[in-house]
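Data block below; observations after.
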There are 2 protein chains.
Amino acid sequence: MPTVTMIGGGQLARMTHQAAIALGQCLRVLAASESDPAAQVSADVVLGSHDELDDLRRAAAGAVALTFDHEGVPLEHLRALEAEGVTIRPPSSALHFAQDKLAMRTRLAELGLPVPDFADLTGDVAQARTRFVEFGENHDWHIVLKTIRGGYDGRGVWLLRDRDEALAVFDETAGGGPGLIAEQMVPMRRELSAMIARSPFGQGGAWPVVETVQRNGQCAVVLAPAPDLTDDVAEQAQQMALRLAEALGVVGVMAMELFETTDGALLVNELAMRPHNSGHWTMDGAVTSQFEQHLRAVLDYPLGDTAPRAPITVMANILGAEVAPEMSMDERLHHLMARMPDAKVHLYGKGERPDRKIGHVNIVGSGDDSPATVRERAERAAHWMSHAEWTDGWDAHA
Amino acid sequence: MPTVTMIGGGQLARMTHQAAIALGQCLRVLAASESDPAAQVSADVVLGSHDELDDLRRAAAGAVALTFDHEGVPLEHLRALEAEGVTIRPPSSALHFAQDKLAMRTRLAELGLPVPDFADLTGDVAQARTRFVEFGENHDWHIVLKTIRGGYDGRGVWLLRDRDEALAVFDETAGGGPGLIAEQMVPMRRELSAMIARSPFGQGGAWPVVETVQRNGQCAVVLAPAPDLTDDVAEQAQQMALRLAEALGVVGVMAMELFETTDGALLVNELAMRPHNSGHWTMDGAVTSQFEQHLRAVLDYPLGDTAPRAPITVMANILGAEVAPEMSMDERLHHLMARMPDAKVHLYGKGERPDRKIGHVNIVGSGDDSPATVRERAERAAHWMSHAEWTDGWDAHA
C-alpha cells in the first residue's frame, strides 16, 4: 500500500494516522520532536523541520504524496520539491491562498465570492497608514487588523475598539513586521464552517455545514449540522466551498469559515486546506471522517460518504487550563467515562498549557436530543477534562 | 497517560492501537517482526517471542498492564510474571480456560452452563480409545474431534463423517500429539456470539448478540444484531457470558461463541478472552468498539456504551484468495470506494495467502435496509477485495 507523508507532527497528523491504519497504511510524519502528538504513535517518523528543504526532501522520499497538518511550510520549498517531481497535495499553487490572507481575499473577490470589505496595508508604511485611516473612517472604526501570514487561533488578529487603538496597533505593527490587512467587522449572527473535500480527479464531497463557537479567538465548540440553518443557505455555503476548491485547485479537505451576518447573508472569513477543528465531529458523527477523506483525496481514491450518522453531533475542545489541575489526565478520563459512557474522547498526548488544544470530546445525539442538550453534555465533558470541575455545561461559559 | 502492552503483533493489536491513540496513549506491542500488522503502525514495538519469558519481561517493563491478541502465551511464563508483580489482564487463572478446551468444557459444565456433550480423551491412549468408541456410538458418530490446545480458524478440529474416519483420525492423532476431546455434533440452526467486557472492578457490558457465519471452519460474516433472535434468548446469551466472565475472573473483552440448536436452545462452543472477529462490527456499528472497550477494561476505566449505532451492521472478512489477483490491493480498494462510498474498510497490512484474514469490511445499514440487503453488500465488497471480481454477493457463496 502507498505511503503518504504529512508535514507536521501535531494532533491533525496523529488523527490522520489513525485513519491511515484502516486503509492498510502507516502515515509518515515529519515531526520536530519524538514527543510530538503524531510522532508518539506512528511507526514512521522523520525528525526534522518543515523550514528545511532537506528535511522535507527526506520526508518525501518514497512517499506517493506530501501533505500538511499546518500551513507553515515555505512555498519556495514546496515549489522546489514540485520541480523535483514530488506530488504535493494541496499543491503550492493552492496552498498559497491558505497562507496569504491578502491573496485569498483578492482571489475570492475576483471569483465573486462574498467577503468582508478589506484594505491592503502592504507596501510603503506612510501610504498604507493613509489607506488604513480612510478604511477605518468608512467603517466607523468597526474593523479588524490581521497579519497576512502566520496567524491562527486568535494570534495575528486584533479586534479594535476605536480609532486611537487602531492607529496605536497599526503604528506598532506595520513597520518591518508581517504585512497587514484591515477588514470590516461584520455584524454577525454566528460563525459557520463548510468542510469539503476535493480529489485530484475533481470529485467533490461536502459534509453538513456546521456552526462554530469561538472563545478567545479560537474554536471551542462545533454543532453539526448548524442548528436552524435553512437548506438553501447550507447548500449555498457548500457550493461556495466546492466552487472555490475547484477554482484554486485544492486537493484534500478544506474548511471554509463563514460569517452568517445579522441579515442572513454569508461572507467568507478564512480558509484552511487541511483537516480542521471544525471537522473533528466527523470522527464519530459522519460515515467518513475528515481524516480518512483527506487521505482518500490525497491518494486520488474516490471520496467517502459524508452523511451524518445522527441528527446532531457536538464537538467541544479540551483546552489546557490556566493552572493544570492536580488530578491527572488519566484520572479525569476515568471520571468522565464513569459519568458519560457514550462520550467519545480524543486526546492528543500534549502537555497542558493555558488555552492549548489538548483533546476534544464528541457527543453523538440520538433522535430525541435537542442541539442544546447535546451541546451542554459536550461542553460539560470538555470542561471537566480541562479543569477537573463539573459545571452545568455551556451556560457556565456564556 | 499509561502504557498498555499487548502480546502479539497481529491485526487485533493493530486495531487496539487505533483505539489507544484516541485515549492519549500508544499501544506497546510485542511482535515477532517489524512487518507484523501492529508493528507496522505503532511507535512502541518490542521485537521478540511470546514464548520467551525474557521477551515478555522486556515488553512488560514500565507498562501498567499486559494483555494479549492471541491465546498462545505459555501459562507458566504468565504465572512467573504475575509472581514478579506484573499486572496481566486477563489473568493467567482466567486465560487457562481460553487455552485449554477440556478445562473450559469441564468448568462450564460445573457452572451449569449448557455445553455440547463431550469426552475427555487425554491420558492412556488405549483407554481413551475405548472411551472414544463408546462416546461415538452414543452419538451415532455425529461427533467432532478437537485438540485441547492451539486450534483456531478450523485448525485442530476434525468434523468426522463416520466410525471409520473417526477411528482413523484418532489413531493418527492421539498418540504423542496434543491432547484431544470429542464433542457431540449439535444439530444447529446457526452460530451466535455474545461479546462482553468485564473490568477488574467487576463492571460488565454486553454488545448485542450477533450471528456468525462460518466458512471452511472460520468466521466469514457477522450480522449485528443476530436477525430474528428473540430478546429472551439474546439476554440469556449475554447473561451466560457475563456470568462466566465473573466466575472465571476474566478482565477485558470476551467472546462466547454459541450454537443455537434446531430446537432453539443455546450451547457454549468456544471462548476467546481478547478482541474477537465477531466483534469487528463494533468499530463502525457500536458507540464503543471492542478495541476501546478492551483497553478500558484492562486499564480499569469505566466501560463505554455498547449500544449499536444502527439497526443492522454487517461485517465480512476479506480473505486471501487461492491465487492473489493481479490487480493490486491498492487498486482494488480504489474500485471498492468508487462503488460503495459508505463501505468501511479495515486492512491489516498482511500478505495475501489463501484463506488468510487480511482485512474486513463493515456496512452500517440505515433504517430501511433489511439484514439480507446489508449482508449482500458487505459480502460483495469483501469478495471484491479478496478476488478482484464482482459477484452478486452472498448468494454466490452459498
Quiz prompt | Scan of the stretch A:1-21 for residues that are of a type in the set (A, V, I, L, M, F, W, C) and either more than 7 Å from every other protein chain (Cβ to nearest Cβ) or surrounded by 24 or more Cβ atoms within 10 Å (Cβ to Cβ) (or both), ordered by number | solution = A:VAL4, A:MET6, A:ILE7, A:LEU12, A:ALA13, A:MET15, A:ALA19, A:ALA20, A:ILE21
Exercise. Determine which single condition A:GLU172 fails, assuming it passes every other condition in (1) surrounded by fewer than 15 Cβ atoms within 10 Å (Cβ to Cβ); (2) within 27 Å of the chain's Cα centre (by Cα).
Key: (2)
Quiz prompt | Selection status of B:VAL233, away from chain A (no Cβ under 14 Å) and touching a Pro at 6+ places or on another chain (Cβ under 7 Å) | solution = no
Quiz item: B:ARG105: among the basic types (Lys, Arg), in contact with a strand residue (DSSP E or B) (Cβ under 8 Å, 6 or more places away or on another chain) and not in a loop (DSSP other than H, G, I, E, B), yes or no?
Solution: yes
Quiz item: For the stretch A:252-306, how many residues are part of a loop (DSSP other than H, G, I, E, B), open to solvent by less than 10 Å² (accessible area, probe 1.4 Å) and over 28 Å from A:GLY365 (Cα atoms)?
Solution: 2
Quiz item: Does at least one position in the stretch B:350-367 carry a residue that is under 21 Å from the mean Cα position of the chain (by Cα), part of a loop (DSSP other than H, G, I, E, B), more than 27 Å from A:ASP342 (Cα to Cα) and within 11 Å of chain A (Cβ to nearest Cβ)?
Solution: yes
Practice problem: Name the single residue, out of those in the stretch A:334-349 being in contact with a strand residue (DSSP E or B) (Cβ under 7 Å, 6 or more places away or on another chain) and more than 8 Å from chain B (Cβ to nearest Cβ), that is surrounded by the fewest Cβ atoms within 10 Å (Cβ to Cβ). | Solution: A:LEU336
Exercise. Answer yes or no: is there a residue in the stretch B:235-250 that is open to solvent by 10 Å² or more (accessible area, probe 1.4 Å) and touching an Asp or Glu at 6+ places or on another chain (Cβ under 8 Å).
Key: no
Practice problem: Confirm whether A:ARG129 is in contact (Cβ under 8 Å) with a residue 40 or more places away in the chain and surrounded by fewer than 20 Cβ atoms within 10 Å (Cβ to Cβ). | Solution: yes
Practice problem: State all residues of the stretch A:185-203 that are buried (at least 19 other Cβ atoms within 10 Å of the Cβ) and not in a loop (DSSP other than H, G, I, E, B); if no residue qualifies, say none. | Solution: A:GLU191, A:LEU192, A:SER193, A:ALA194, A:MET195, A:ILE196, A:ALA197, A:ARG198
Practice problem: Could you identify the single residue in B:ARG131, B:ARG198, B:ARG149, B:ARG189 that is in contact with a strand residue (DSSP E or B) (Cβ under 7 Å, 6 or more places away or on another chain) and closer than 25 Å to B:PRO91 by Cα? | Solution: B:ARG198
Exercise. Please work out which residue is farthest from B:ARG14 (Cα to Cα), limiting yourself to the stretch A:35-90 and to residues that are within 23 Å of the chain's Cα centre (by Cα) and part of a strand (DSSP E or B).
Key: A:ILE88
Quiz prompt | Candidates A:PRO225, A:PRO178, A:PRO187 - the one that is more than 24 Å from A:ASP140 (Cα to Cα) and touching a residue at least 40 places away in the same chain (Cβ under 8 Å) | solution = A:PRO225
Exercise. State all residues of the stretch A:313-328 that are out of contact with any strand residue (DSSP E or B) (no Cβ under 7 Å at 6 or more places or on another chain) and buried (at least 18 other Cβ atoms within 10 Å of the Cβ); if no residue qualifies, say none.
Key: A:ALA321
Quiz item: Can you tell me which residues in the stretch A:326-369 are modelled with pLDDT under 95 and more than 20 Å from A:GLN218 (Cβ to Cβ)?
Solution: A:SER366, A:GLY367, A:ASP368, A:ASP369
Practice problem: Give just the number: which of (1) within 14 Å of chain A (Cβ to nearest Cβ); (2) touching a helix residue (DSSP H, G or I) at 6+ places or on another chain (Cβ under 9 Å) does B:GLN290 not satisfy? | Solution: (1)
Exercise. Check the stretch A:35-49 and report whether any residue there is away from chain B (no Cβ under 11 Å) and crowded, with 22+ Cβ neighbours inside 10 Å.
Key: no
Exercise. Select from the stretch A:303-333 the residues that are among the charged types (D, E, K, R) and within 11 Å of another protein chain (Cβ to nearest Cβ) and list them in ascending order.
Key: A:ASP305, A:ARG309, A:ASP330, A:GLU331, A:ARG332
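The values are calculated or read from the model by the stated rules, or taken from the named source; none is laboratory data. Keep in mind it's a predicted model, so treat the numbers as computed, not measured. Ideal geometry is used to build each Cβ from the backbone, glycine not excepted, and the neighbour counts take in all protein chains shown. Heads up: the accessible areas ignore ligands, DNA and RNA and are worked out on the full protein's heavy atoms, side chains in. Shrake-Rupley method; radii C 1.70, N 1.55, O 1.52, S 1.80 Å.
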